[in-house]
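Chemist: Input: one structure, supplied below.
Any read-out appearing in this document is the output of simple, stated calculations on the displayed coordinates, not a laboratory observation. Treat the numbers as computed from the prediction; the structure is a model and nothing was measured. So basically every Cβ, Gly included, is an ideal-geometry build from the backbone, and we count neighbours across all protein chains shown.
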Amino acid sequence: MNFGNVLKALNLPDAVVECAAGKVRSPICTLEAPAQWFGFPPALIPIWSDGSRPTYIGYWKHWFVEREPCFVKMYVSSDRMTTEIARTPSQLFGVIAMMAISLDDGVTPDLEQFAARVGLENLSELDAVSLKTGDDPKGFPKAELFQKTTPLDCISYDSGPYTGEFPNESACGNWWETSCSFEILSTNMRVPDDASLPGWFDPAQEKTTLFEEFMSAGRLDYAWLTLNSTGWSIADARRAISELQSRSNDKVFNSVVASWLSFADVDAGCY
């Protein structure tokens, strides 16, 4: 089972869909597609998995919440910490290329074939940048591909301000109302003295109870963010996403739910 049908329904380019289906081979031997199940919340639509760490690279989309979707890397063994690595499909392929160049110490025929299949045209520039900064994302904006709509993972003091919507230390407004716990990587996130973080950020909070409270109040957005925060057994998460589906009237969301349920093995325990 793969998430290619979901990515296609979300109008992602065919190259992304084919990568997720394993029809386009990754130039990195440890990246597998279709992705394997190591346990992940339904906000993640996996494209590749790496069982040696394990990690996921995939599309990150919040439903019932006004947020820009993006591409992320999720570190399963680090409490599923999730970082924004790309904001466009081209940047995603650029990230994969930079990883491959670093691993293989240059551009290989496999990478050239991958680039041709996905339409990545600036391998020589990426290779030149990698000679200076390696695979450090903070160096990626030296390449034109990453100079506009720069992903959060690539932001540094000299790269210009971050213009995306992934939660970060410089985030303004009530960022906690549109974010989940897996996205919060820093303890320095700004929270006004007269505000407090919602319960879904508290790992000790009983998530099923909180979810039901939000569902009863008609707050599908808060229920979704609760479902995509730590503290769920897979069995409870399966019931919760089915309940959300019953309250939704979105065919694409139905496709997400169907794919996640077909993937979410209760024997995997929890997330």
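Chemist: Sort 107-114, 234-241 for me by packing, meaning the mean count of neighbouring Cβ atoms within 10 Å per residue, highest on top. It would help to have the intermediate numbers written out before the result.
Modeler: On the way: 107-114: 16.1, 234-241: 18.1.
Going from most to least packed, we get 234-241, 107-114.
Chemist: Determine the shape class of the range 138-271: with a ≥ b ≥ c the square roots of the Cα gyration tensor eigenvalues, call it rounded for a/c under 1.5, and otherwise prolate if a/b is greater than b/c, oblate otherwise. Let's see the in-between values first.
Modeler: Numbers: a/c = 2.15, a/b = 1.56, b/c = 1.38.
Since a/c reaches 1.5 and a/b is larger than b/c, the shape of the range 138-271 is classed as prolate.
Chemist: Taking amide hydrogens as modeled 1.01 Å from N in the peptide plane, which residues meet the under 5 Å criterion relative to M81, leaving out close sequence neighbours?
Modeler: Those lying under 5 Å, H to H, from M81 are Y75.
Chemist: Rounded to whole Hz and in sequence order, give me ³J(HN,Hα) for the range 112-122 from the Karplus expression 6.51 cos²θ - 1.76 cosθ + 1.60, θ = phi - 60°, writing x for Gly and Pro.
Modeler: 4, 5, 4, 4, 5, 5, 9, x, 8, 9, 10
Chemist: Taking the Cβ-Cβ separation of Q147 and C172 as r and a Förster radius of 30 Å, what is the calculated FRET efficiency to the nearest 0.05? Could the numbers behind the result be given before it?
Modeler: Working: r = 23 Å, r/R0 = 0.77.
The value I calculate is 0.85.
Chemist: Right, another one. How many angstrom lie between the C-alpha centres of the range 1-54 and the range 109-142?
Modeler: The range 1-54 and the range 109-142 have Cα centres separated by 20 Å.
Chemist: What FRET efficiency do you get for R247 and V191 if R0 is 25 Å and r is their Cβ-Cβ distance, rounded to the nearest 0.05?
Modeler: Numbers: r = 29 Å, r/R0 = 1.18.
Rounded to the nearest 0.05, the efficiency is 0.25.
Chemist: Continuing with the same structure: Quick one: which of 88-101, 68-81 comes out on top by average Cβ neighbours within 10 Å, and what's the full order, highest first? Don't skip to the answer; put the middle values down first.
Modeler: Working: 88-101: 23.1, 68-81: 17.9.
Packing order, densest peptide first, comes out as 88-101, 68-81.
Chemist: Sequence gap at least 6, Cα distance under 8 Å: using those rules, report the relative contact order of the chain to the nearest whole percent. Write out the running numbers ahead of the final one.
Modeler: Working: 442 pairs, mean separation 45.7, N = 271.
Over the chain, the number comes to 17 percent.
Chemist: Among P109, G94, F38, flag the residue with its Cα farthest along the positive direction of the charge dipole of the range 4-154, charges on Cβ as +1 for Lys/Arg and -1 for Asp/Glu.
Modeler: Sorting the options by dipole projection puts first F38.
Chemist: According to the Cα gyration tensor, what semi-axes, each the square root of 5 times an eigenvalue, does the equivalent ellipsoid of the range 1-71 have, listed from largest to smallest in whole Å? Walk me through the intermediate numbers first.
Modeler: Values: eigenvalues 78, 44, 18 Å².
The three semi-axes for the range 1-71 are 20, 15, 9 Å.
Chemist: If you don't mind, there's one more thing I want to ask. Expressed as an acute angle from 0 to 90° and rounded to the nearest 10, what is the orientation of the C-alpha long axis of helix 234-247 relative to the principal long axis of the chain?
Modeler: So the helix axis and the longest Cα principal axis differ by about 80 degrees.
Chemist: Here's something else I'd like to know. Here are a few candidate values for mean projected area of the Cα convex hull in nm²: [x] 14.1; [y] 16.4; [z] 22.8. Which one was actually calculated from the structure I just gave you?
Modeler: So the calculated entry is the one marked [x].
Chemist: To continue, here is another question. So if we plug the beta-carbon distance of A116 and W37 into 1/(1 + (r/R0)^6) with R0 = 30 Å, what FRET efficiency do we get, rounded to 0.05?
Modeler: On the way: r = 31 Å, r/R0 = 1.02.
After rounding, the FRET efficiency stands at 0.45.
Chemist: For I47, what residues show an amide H to amide H distance below 5 Å, using hydrogens built from the backbone and excluding near sequence neighbours?
Modeler: I57, G58, Y59
Chemist: For a 26 Å ceiling on Cα separation, which of these pairs sit above it: K73/K148; K23/K61; K73/K142; K61/K132? Before the final figure, lay out the partial values.
Modeler: Values: K73/K148 20 Å; K23/K61 23 Å; K73/K142 21 Å; K61/K132 33 Å.
Check vs 26 Å cut-off fails for K61/K132.
Chemist: Hey, what angle do you get for helix 89-104 against the long axis of the chain, alpha-carbon based, 0 to 90 degrees rounded to 10?
Modeler: Approximately 60 degrees, to the nearest ten.
Chemist: Could you rank the peptides 222-232, 54-64, 127-137 by their average count of other C-beta atoms within 10 Å per residue, with the highest value first? Walk me through the numbers before you get to the answer.
Modeler: Details: 222-232: 24.5, 54-64: 22.0, 127-137: 15.9.
Going from most to least packed, we get 222-232, 54-64, 127-137.
Chemist: So what is the calculated 222 nm ellipticity per residue for the chain, using -39500 (n - 2.57) for each DSSP H run with n of 4 or more, over all residues, to the nearest 500 deg cm²/dmol? Provide the component values of the computation, followed by the final result.
Modeler: Working: 9 runs with 95 residues, N = 271.
It lands at -10500 deg cm²/dmol.
Chemist: Tell me whether the range 4-154 comes out rounded, prolate or oblate; compute the Cα gyration tensor, take square roots of the eigenvalues as a ≥ b ≥ c, and use a/c under 1.5 as the rounded threshold. Each step should come with its number before you reach the end.
Modeler: Details: a/c = 1.44, a/b = 1.35, b/c = 1.07.
Verdict is rounded for the range 4-154.
Chemist: Provide the per-residue ³J(HN,Hα) series for the range 54-62, in order, calculated from phi with Karplus coefficients 6.51, -1.76, 1.60 and θ = phi - 60°, each as a whole number of Hz, with x at glycine and proline positions.
Modeler: x, 9, 10, 10, x, 8, 10, 9, 8
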